[in-house]
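The values are calculated or read from the model by the stated rules, or taken from the named source; none is laboratory data. Small disclaimer: the values here were computed from a predicted structure and weren't measured. Glycine gets a Cβ as well: all are built from the backbone with ideal geometry, and neighbour counts include every protein chain shown. Heads up: the accessible areas ignore ligands, DNA and RNA and are worked out on the full protein's heavy atoms, side chains in. Shrake-Rupley method; radii C 1.70, N 1.55, O 1.52, S 1.80 Å.
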Amino acid sequence: MAVKPLKPEELYWKCDTSKFKFSTTEDVPPLPGVIGQERAMRSLAFGLGISNHGYNMFVLGESGTGKASIVKTRLDEMAASENVPDDWCYVYAFSNPDRPSAINLPPGLGTAFRDDMDEFIETLRRDIPKVFESKDYEKHRDEILEGQQERAKAIFYRIEQKAIEKGFALKKRVRGLAVVPAKDGKPMGQEEYNALPKYKKDEYEKETHILQERLSDAVREARNIEKETQDRINELDREVVQYVINPLTNELFEKYKDFTKVTAYLEEAKEDIFRNIDDFRPKEDIALPMGLRLPKQEPSFERYKVNLFVSNQGTKGAPVVVETNPTYYNLFGRIEHRIQYGVASTDFTMMKPGSVHKANGGYLIVDALDVLRNIFVYDSLKKMIKNREIGIEDVWEQYRLMTTTALKAEPIPVNIKIIMIGEPYIYYLLYNLDTEYRKLFKVKADFDSIIEKTNENMDKYAGFISARCKERGLLPFDRTGVARVVEYGLRYSADKEKLSARFGRLEDLVIESSYWAFEKGGKAVTAEDVEKADRERVYRSSKIDDRLKELIKEDTFMISTDGAVEGQINGLAVLDPGDYAFGKPTRITARVFLGDEGVVSIEREVKMSGKIHNKAQMILGNFLGERFAREFPLTLSASICFEQLYDEIEGDSATCTELYVLLSSLSGLSINQGIAVTGSMNQIGDVQPVGGINEKIEGFFDVCAERGLTGKQGVVMPKRNVRNLMLKREVVEAVGKGLFSIYPIETVDQGMEILVSTAVGTRGADGKFPKGTVNGLVEERLRGLAKSLKEFGRQKAKPGEGKDENKER
């Protein structure tokens, strides 16, 4: 049965504007939710609702499907009704200064705690020096010191009197006081002492030893008095400081009595203040030579400060944090340093939180590819989820040649839901290559790139356009403009029954359409403006396409669009540099000659073809063998070549094309060069659908239109691709005028008949193909090749082998 060309209405689905009940999108409520995506939304609801450990989410889908904005919107709605997480503070650990302590407080109380401690320290810095400068304190201190001095004087006075009584005197030396012989109350000189008789010297030495012991006892007693005095002064200092500090601390203890970690910290801070009372004393300027003075050194009270690490004061519901740059430090926090005189130093107040800390108790959204790109991040993220805690570390410490002292802050417990967003290939790579990933990200929310073409979804398209117009201050769209966007949605999905869910691309179309409508002074965006936006986008991106068409027009790339040639056909391919995909006709040729190498693809032999294309070549050979090699072996040598191909070819969409050009070369029938072919085939001869069908047809049409349409040009395509046709207006109009034809085929035989205008033929009851048919001519040629090869083999055989062969015959 002859294949009829497609009608214009089969090449493009036109949206009926009468189905829309609005005048412009100003009358349409903005779309509040998403269009379609029922599967993804159910998965999202489940993943956000379940709180068990390990049920983090991976949201996957093609770029532009709106998955990130949908997730953020849904999280904001859900998190608003959840509990606000605690504030987190880091404080100085007095017992272990290198390990700051973490304290959690109800939302807003962390700020109050920080402010209270700041006020507490400022009050002490102001009031304690006043106490030490008071007359009452000086009076008590002087009394203690005077008493100590009197007692010390009395002790040394007794020793001195005893020494005088024995004929000795006390003399100051470098090592302290010493007892020396005296005469008339004055220390005796060395010469005078040496002149004394021996018995007198012996008496002096004996008394010196006794008096020196008594002097040592006196010195020890004086030191004990001094120590006792210092203890009394310290006790006095403590009493006067308590007079200042107790009212303040009592107030803090009362305010934070329900938080044991806070009260424990306050106790330690209070004791540390008592141990370091001197830090609060008034300081004097340091005098230098030549009348210079250094300013007084102010002590640091940083250890009493509170590092308000995470504050949720004013937060409504659970936090939702989107980290757009998930480096290690942005996610897990950092410890900053200050440089003074070339030396780096840090303390707990210089610890800064990361997005994980800010999202604790809520949700963290990260891009999967960005997570994998940044060193240490993915493994640290998994470690955090497994251990359910997060600290702050110097991640590069293990890679340094020299270790440095670093803070090891107390980890904070983590209760957080991680949502990674990425392309499908990243999800499947992680799922199959990382067993830990499966345990930690158990929920998959898969956003589809296409949705059903229903009246409801088309109305939602209008709501989507209305929302974009209101958000971005665009011109409203009238019904024709909305209808054209719907049609482009079908074009982008390459399916008449499916609308595109890649709303990023649709949003660009809406914005650009509004621009062109505004440029011409329109009040609303029409179908003409939408078409203008698409044409302009194509023009901006089609330099490569235009250059290739110029090369074809110049006959640099040789493509024939009229006449008939044996063993030559036009195949169709799609080139996609990334921003714009377009069709490119390619000349394919075949040559058949005597031999037994089979069908050889030149591209495969020189390794310019991919695995799928090589598979299609084997299918082609098997099809020929099954159809023609029933009574004789399939012995031929044939080459197929994609002419002027300078890069790798991949895919099976040229299988039908290669079969047709091979059959043409075998049968001697010429192929109509005005018809290009695309389509994949199986071993049975059924034609299978291919991708990029619109671009392929339009690419060949443009070449034909450039040279002049004759009415004999067209494209042979798989019938199963008819639902994918959303061709541009120029092609549809040319088909309507009979200037271009598109033939949908189900079997390879139908396509061959169109190309050579000759019946393919089927085997009769006698097992033979009718003479003059394509199959009959091919089988006759193949039989002749097999016989010629066999005869040639006999002629080359040795005489003895030839006789034996004849006898066998």
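Think of the chain as having a plus end and a minus end, set by charges on the Cβ of Lys, Arg, Asp and Glu; of VAL510, SER670, VAL395, SER670 sits farthest toward the positive end of this dipole. A cut-off of 5 Å between modelled amide H atoms, ignoring neighbours fewer than 5 places along the same chain, links SER637 with PHE593, GLY595, GLU597, GLY598.
Which entry is the computed Rg/Rh (Cα atoms, Kirkwood Rh) for this structure: (i) 0.98; (ii) 1.01; (iii) 1.31? Evaluating Rg/Rh (Cα atoms, Kirkwood Rh) on these atoms matches (iii). Under 5 Å between amide hydrogens, built in the peptide plane, is the criterion, and for ILE450 it picks out ALA501 among residues at least 5 positions away or on other chains.
Under a 5 Å amide H cut-off, with hydrogens placed 1.01 Å from N, GLU389 pairs with VAL414 among residues at least 5 apart or on other chains. Phi angles across the range 119-128 convert, under the Karplus curve 6.51 cos²θ - 1.76 cosθ + 1.60 with θ = phi - 60°, into 3J(HN,Hα) values of 5, 4, 5, 4, 5, 5, 5, 8, 8, 5 Hz, Gly and Pro given as x. Taking square-rooted eigenvalues a ≥ b ≥ c of the alpha carbon gyration tensor, is the range 1-64 rounded, prolate or oblate, where a/c under 1.5 means rounded and, failing that, a/b exceeding b/c means prolate? Taking the square roots of the gyration eigenvalues as a ≥ b ≥ c, the range 1-64 is oblate.
Across the range 534-589, the relative contact order, built from alpha-carbon pairs under 8 Å that are at least six residues apart, equals 30 percent. With all protein chains kept in place, the per residue accessible area of the range 665-779 amounts to 37 square angstrom at a probe of 1.4 angstrom. When only alpha carbons are used to place a centre, the range 582-600 and the range 355-370 end up 56 Å from one another. With the cut-off at 1.5 for a/c, could you classify the range 683-741 from its C-alpha gyration tensor as rounded, prolate or oblate? It comes out prolate by the Cα gyration axes. Surface composition of the range 297-454: carbon and sulfur make up 50 percent of the accessible area, probe 1.4 Å. Backbone geometry of the range 336-347 corresponds, through the Karplus equation with coefficients 6.51, -1.76 and 1.60 at θ = phi - 60°, to 3J(HN,Hα) couplings of 7, 10, 10, 9, 9, 6, x, 10, 8, 9, 8, 8 Hz, x marking Gly and Pro. Taking every alpha-carbon pair under 8 Å whose residues sit at least 6 apart, the range 7-132 reaches a relative contact order of 12 percent.
Rolling a 1.4 angstrom probe over the protein heavy atoms, how many square angstrom per residue are accessible across the range 563-655?
48
So what are the ³J(HN,Hα) numbers for the range 787-793, from phi and the Karplus equation (6.51, -1.76, 1.60; θ = phi - 60°), rounded to whole Hz, Gly and Pro as x? Taking θ as phi minus 60°, the curve returns 5, 5, 5, 5, 5, 5, x Hz for the range 787-793. Report note on the peptides 545-553, 88-96, 762-770, 671-679: ranked by the mean count of other C-beta atoms within 10 Å, highest first, their order is 671-679, 88-96, 545-553, 762-770.
Its relative contact order, with pairs defined as Cα atoms under 8 Å and 6+ residues apart, puts the chain at 16 percent. Compute the separation of the alpha-carbon centres of the range 57-102 and the range 412-430 and state it in Å as a whole number. Distance between centres, Cα-based: 13 Å. For the chain, the share of DSSP beta bridges that are antiparallel, to the nearest 5, is 60%. The residues of the range 432-523 expose on average 44 square angstrom of accessible surface per residue, using a 1.4 Å probe on protein heavy atoms. Expressed as a whole percent, the accessible area of the range 466-586 that falls on carbon and sulfur atoms is 49 (1.4 Å probe).
Considering only protein heavy atoms and a 1.4 Å probe, what is the carbon-and-sulfur percentage of the accessible area of the range 673-723? Using a 1.4 Å probe with all protein chains present, the range 673-723 comes out at 47 percent carbon and sulfur. The solvent-accessible area of SER609, taken with every protein chain present and a 1.4 Å probe, is close to 20 Å². Between the range 333-353 and the range 115-131, the alpha-carbon centres lie 25 Å apart.
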